[in-house]
Every structure is written in structure tokens, then in C-alpha cells.
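Right, one structure below, let's go through it.
The values are calculated or read from the model by the stated rules, or taken from the named source; none is laboratory data. The structure presented is a predicted model; accordingly, all values stated were derived computationally and were not measured. Positions of Cβ are generated from backbone atoms using ideal geometry, with glycine treated the same way; all protein chains shown enter the neighbour counts.
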Amino acid sequence: MNDSPPNTPETPSRLVRINARAVADERGVLASPASLLLGVSSAPQTADPLAGVPLAREIHLLAIGSPDQLPEHTPDQVINRPTSVIIPPLVNAHAHLDLTHMGPRPHDPSDGFVAWVDQIRAQRCTHDAHIRASVLDGARMLLMGGTAAVGDIAGAPAGVPSLVPWRALQDTPLSGVSYLEFFGIGASETPARDRLDALLTKHAPELARSSSVRFGLQPHAPNTVAIALYLWAAQRARELGLPLSTHLSETPEEIQFIASGTGPQRELLERLGVWTDDIDVGHAKHPIEHLRPFLQDAAALDPPLLAAHVNALGGHAPALARTSTSVAYCPRASAYFAAERHFGPHPYRELLDAGVNVCLGTDSIVNLPPETCAGPAARICILDEMRFLHQRDATPPELLLAMGTTHGARALGLEPGAYRLDPGARIAGLLAVECSDEHPLDAALRNDTPPEFLLLRNPAC
Ligand SMILES: [Zn+2]
């Protein structure tokens, strides 16, 4: 053991031993039965006020192995979880925390996507205090679901960009990116750009300040943002060092609109009074082709673009791989909107085979099942997305853990090594998940118990 924990008066270091049924990360089960030795820098009783998660300023993984393999030590604390597998905490790469107040809602996919969008537009919070409360409640549910980092979409109520969701997220122990969403196409393109530019200019020093939650930009989707505005956003992101995200290739309505400039999305723009005949669509292109110049510009960013959904690929996996675009697949959201009915099975395996970094998201709580997302124990949980895929597609547990941890970290510009369990590493935290039989990882994916946060790193605590 050559990595001794730091020991200063401000951050007293404790030696913590965890004994468990097994320990696993994206490489599979690392030891079973398992023990871990941690150097934890924090006041002994620090817990996050939202969900009661034990916090630590730093967590050093000192040793890992079978119980008799650990070096000699005298722990300050022993945590026993004899029926659990210990895993890294999870990364939710695409969520809409400012919709948490709406809760889960039923949806009939045959009503179409625009009817659903109308519901969201009508129920979005518009007051700062309400937006903040919704984001904080969403953060609580993420913590209840074992999440350490999030790519959150900060909506623009009534088209007005707001920094409230980003600032709220900074008051939680979560890390990641808060992507400020904006719309702007046809008659709304120039006013949207001017409004956003004014905000970016006014708050430039605050936006660039180092924080565990970075500020990013999210042009909403190809059917609501002009390609010229996408390119402008990529340029501003380069200048200001901001990460970018967008919805891409999500619905049949979007595919139709980009290819032919017709359908429900055009009717929506007409209804909102923003449709103009010079909107640059209708060239028989797939949305990924339509955005190609933007994907190329965003490839130079750190991290490169994060595209949510990509339910329809149209053979464009190489274009996403070439531009280092990450894809946030939201399995239960795709199922809720019946994407499979229109496009066939989600192409996440084809994307992975092409070398695309595919991570996992939940999208908003509105599309999640009430069984786990309502009531006092409500959770917004990537482990539940992994369980859904394991059950439906028999996706290997190791791949699911990679998608739910290191892939998400990479997509959000975080250190992937903090989401692997290597001796000597500074880790983002640890979860315990109930597992009952001789294959602990499979068992953890077959039950529906909530993950338990044993520790979460929060440099601010
Ligand atoms: Zn979304």
C-alpha cells in the first residue's frame, strides 16, 4: 500500500473498510467476496441535505481484493454489505430536472410527439423559485438513484434563457454539465440569437468559472433550431470553452420535417407564428446529415458534442464516430414514445460497434414509470435503465456498467478513471446494490431495489 491518504487539519483522513458480497466495475466482477480499503477526507458526519448521501471531499481507493488479501490496517470505520455488490456511482447523461414537478405522466404514442410537447410547454415552471425547487427535487431523485454526475437540460421558460437551473445544480453534490436549452428558427432565429448572446456576454466571467457543474449550451433539436444558429452556437462554445448537447434524430416528426419541410413540426412552427419559407430544410436529408457541418465544428470542443436519443441512425454511425459525437441513449424514454414502432430497435449496438461513445440518460421524469419515480422514495435511476436493457436485450452487465459510468463521464468531460475501481485512484464514490445469487452482477440487474450510496465525492463539502 504506497498511496497513503492525505492528512491535514482541514480534511481529517479516515481509513474506511467495506466488506461486501462482490465488487464490480465496467470490467465485470473484480472480487467476490470482496473488501475495499479507502482513504476518506471529510468530517465524519457530512451528509448531503437533499438525500442524506454521505459525502467526502476526497475518496482514495487504496486497496481492493478478497477479504484476506488486504494489507494490514486498522480501519476507523467498517461498512458491511454481505448481500450487496459494490459498484461505482452512475452518470445520467441526459435529464430534464426542471420538469420534475410534473411527475410521471401517461402518454399514448399514437397522439404524436407534438401533443406531448404542447403539454410540456403548458406546464413548464416560469418563476425562478419554482424552477429551482423542481431542479433540486430532481437532484434529490438522482441521488436516490445512485447518480454522481448529470447532463441536465436547463429549459427556457417562454423562450427566455435562465441561469437558475445551473445555479441550483451547483448547490447540490452532483457534478456534470447544465446545458442551457434554446430554440430559434424562422422568425425566431435572430431574436433567439440576440437574447442568448446578450446573456453569454453579460455572464461570461461566471460561466467560465471552474465549478463541479459546467455551464453548456443545448440547441434544442434540428426541427426547432436553424442550422445557422447551430453553427453560431458551436462558434460561441469554442470561444467560451463550453460543452454542447442537442436532441438528434428522436422522432418521426423531426425526420419528416428535415427531409421534406412538412408534417406536424411544420404545423407547430406555423401555429407559433415562426415559420418562414426560407427555413433551410426539405433537401431529403436525414437529421444527422443536416447537422453534419455542426457536428464537424463541435468535434473540436472538449468534450465534443453530446447528442441525445439518435433513435434513427439511417446508416450515419460513421459520421458520428468521425466527429467524436457521444450519444445519450434513454432506453425507457424511447420505449415510452414507441420509437421502436417507427424505426425498429434502437441502434445502440451498431453505434458502439462503429466506435461511438454511447452513454445512458433518463430524459425527463414525465416519461418514467410511476412505480419507481413517484412518492417519497422516488428515484431517477440509470441502474433502472440498465435493468431495462438487460431484461429486454440481454445486454451484458459489463457493457451496461460502462455505458452507465465511464461512457457518461467521457460524454460530460469528466475523468472516466473516477468511475472505475483501480487501486490508487481518486474515485467519484461507491454504491451498494442488493444481489442474491452466485452471479452478483446479473442478480443486481435482475432485481429492482434502489442502489445505496455508501460515499459520494464532493470537493465542496
Ligand atoms: Zn431530452
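When N367 is tested against (1) more than 16 Å from the ligand (Cβ to nearest atom); (2) surrounded by fewer than 23 Cβ atoms within 10 Å (Cβ to Cβ), exactly one condition is not met: (1).
Taking region 396-441 as the range and being of a type in the set (A, V, I, L, M, F, W, C), surrounded by fewer than 24 Cβ atoms within 10 Å (Cβ to Cβ) and in contact with a Cys (Cβ under 8 Å, 6 or more places away or on another chain) as the test, only L441 passes. Within region 169-177, at least one residue is closer than 30 Å to L454 by Cα and in a helix (DSSP H, G or I).
Of all the residues that make up region 292-311, how many are within 16 Å of the ligand (Cβ to nearest atom), of a type outside the set (V, I, T) and part of a loop (DSSP other than H, G, I, E, B)?
As a first pass, look at region 292-311 and keep what is within 16 Å of the ligand (Cβ to nearest atom): 305-311.
Cutting the leftovers down to of a type outside the set (V, I, T) gives us 305-309, 311.
Filter once more, so that each one left must be part of a loop (DSSP other than H, G, I, E, B): 305, 311.
Count: 2.
Scanning region 40-70 for residues that are crowded, with 18+ Cβ neighbours inside 10 Å, over 27 Å from the mean Cα position of the chain (by Cα) and at pLDDT below 95 turns up just one, L70.
Give the number of residues within region 357-380 that are of a type in the set (A, V, I, L, M, F, W, C) and closer than 20 Å to H107 by Cβ. Before the answer, list the steps.
If we filter region 357-380 for residues that are of a type in the set (A, V, I, L, M, F, W, C), which is where we start, we get 358-360, 365-366, 368, 373-374, 377-378, 380.
Next, only the ones that are closer than 20 Å to H107 by Cβ stay: 365-366, 368, 373-374, 378, 380.
Qualifying residue count, region 357-380: 7.
Look at region 268-291 and say how many of its residues are more than 20 Å from A192 (Cβ to Cβ) and either assigned to a helix (DSSP H, G or I) or within 16 Å of the ligand (Cβ to nearest atom) (or both). Summing the residues that are more than 20 Å from A192 (Cβ to Cβ) and either assigned to a helix (DSSP H, G or I) or within 16 Å of the ligand (Cβ to nearest atom) (or both) in region 268-291 gives 2. Applying a threshold of 8 Å to beta carbon distances and a minimum spacing of six or more residues, or different chains, the list of pairs starting in region 325-353 at a residue that is more than 20 Å from I365 (Cβ to Cβ) and ending at one that is hydroxyl-bearing (S, T, Y) and away from the ligand (no atom under 14 Å from the Cβ) reads V327/Y348.
G159: more than 25 Å from A221 (Cβ to Cβ) and more than 16 Å from the ligand (Cβ to nearest atom), yes or no? It would help to see each step written out before you state the result.
Values: more than 25 Å from A221 (Cβ to Cβ): no; more than 16 Å from the ligand (Cβ to nearest atom): yes.
No: the conditions fail for G159.
Residue count for region 234-256, restricted to those that are within 16 Å of the ligand (Cβ to nearest atom) and more than 24 Å from the chain's Cα centre (by Cα): 1.
Residue-wise test of (1) surrounded by fewer than 22 Cβ atoms within 10 Å (Cβ to Cβ); (2) among the aliphatic types (A, V, I, L, M).
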position: R193; (1), (2): yes, no
position: L200; (1), (2): yes, yes
position: S210; (1), (2): yes, no
position: F215; (1), (2): no, no
position: T224; (1), (2): no, no
position: L231; (1), (2): yes, yes
position: R238; (1), (2): yes, no
position: L248; (1), (2): no, yes
position: I255; (1), (2): no, yes
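Among the numbered conditions (1) touching a Cys at 6+ places or on another chain (Cβ under 7 Å); (2) within 13 Å of the ligand (Cβ to nearest atom), the only one that S326 does not meet is (2). L231: within 16 Å of the ligand (Cβ to nearest atom) and touching a residue at least 24 places away in the same chain (Cβ under 8 Å), yes or no? Taking the combined requirement at face value, the residue does not satisfy it.
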